[in-house]
Amino acid sequence: MKITNEVKIALVAIVGIVLLFFGMQFLKGRSLLGNGNAYYVVFEDVSGLSASSPIYANGYKVGVVEAISYDYARPDHIVATVGLDKQLSLPRGTHAEIASDLLGNVKLELKFGEDASDLLAVGDTIMGGMQKGVMSKAGDMVPQIQEMLPKLDSILASVNALLADPALAQSLHNVEGITTSLRATSQQLSLLSASLNKQMPQMMEKADGVLANTEGLTRQLNEVDVAATMQKVDATLANVQQMTAALNSKDGSIGLLMRDPSLYFHLSNTMRDADSLLIDLKRHPKRYVHFSIFGKKDK
């Protein structure tokens, strides 16, 4: 059987349409071999969500959004039909959140319920909402930032006034001077340290000499016969005691001289008489010394 050109063109067109259909399904993220289990998600706001948006569970892609229907009678009741992997089971209490990244990519994330034994049936409806992402948190911070702007203006004005104050410039100039002084001091300390490093060997030699002398003195002290020295000291103290006893005794001359008052007075009188005799001798020497060339006495 001969196939005409018209039949060939028709077959090519049919194949192209089929490939286009499956290509569109692939680009939308749908399975080429069949859809998964269908569930319904109810939203009040589906900003950014569209058909073919991916669905993730714990970071893993488990399906796509197949369609979104808007109920004009109930504007706050928007239903999204989702197709999930047939192997995925949803615990009761599971909900979905619309999330977006910094690049604007929108996805739907499933948050599973806690009771894994109570599962939803295929075709059940779950609740949906918006995830508090980075952009949402940034939007929540806008009122606080607006409240802070007047305070920031006041702070900037204070900073400008402080920078314009001549005292600040003077303080900076003083700091520069202090830094220069510290640099000079550091250089002097470096020179002093270098000098000490040079003198350290000599100082260590002197210290070694002092230690050697100390060791020699200690050795000499250790060699001293302490017992013999103490015996000599005891003998000396005994002699001193004997001398002191002799001085205190009334039998000796020195003891009598120290203790007999009459002897003290006699000596005092004798000294006084001798002193008077010497004075008279100085005044009248001729009374006591007779000297003449011719042997004649001076009456």
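Quick rundown of the values:
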{"item": "Residue pairs meeting the criteria (Cβ under 9 Å; at least 6 apart or on separate chains; first within 11 Å of G83 (Cβ to Cβ) and touching a residue at least 24 places away in the same chain (Cβ under 8 Å), in segment 52-68; second part of a strand (DSSP E or B) and among the polar types (S, T, N, Q))", "result": "G63/N37; V65/T81; E66/T81"}
{"item": "Test set (1) in contact with a His (Cβ under 8 Å, 6 or more places away or on another chain); (2) within 23 Å of L119 (Cα to Cα) - E44 fails condition number", "result": "(2)"}
{"item": "Index of the failed condition, N222 passing every other in (1) within 59 Å of the chain's Cα centre (by Cα); (2) at pLDDT 80 or above; (3) not aromatic (F, W, Y)", "result": "(2)"}
{"item": "In segment 125-160, residue farthest from S69 (Cα to Cα) [restricted to those that are touching a strand residue (DSSP E or B) at 6+ places or on another chain (Cβ under 6 Å) and at pLDDT 85 or above]", "result": "M130"}
{"item": "Residue count, segment 101-115 (criterion: more than 21 Å from S69 (Cβ to Cβ), surrounded by 11 or more Cβ atoms within 10 Å (Cβ to Cβ) and either of a type in the set (A, V, I, L, M, F, W, C) or without any contact (Cβ under 8 Å) to a residue 24 or more places away in the chain (or both))", "result": "4"}
{"item": "Matching residues in segment 17-47 - criterion: being more than 16 Å from D85 (Cα to Cα) and at pLDDT 85 or above", "result": "I17, V42, F43, E44, D45, V46, S47"}
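The values are calculated or read from the model by the stated rules, or taken from the named source; none is laboratory data. Everything numeric in this text was worked out from a predicted model, so none of it was measured. Neighbour counts are summed over all protein chains in view; Cβ atoms, including those assigned to glycine, are modelled from backbone coordinates with ideal geometry.
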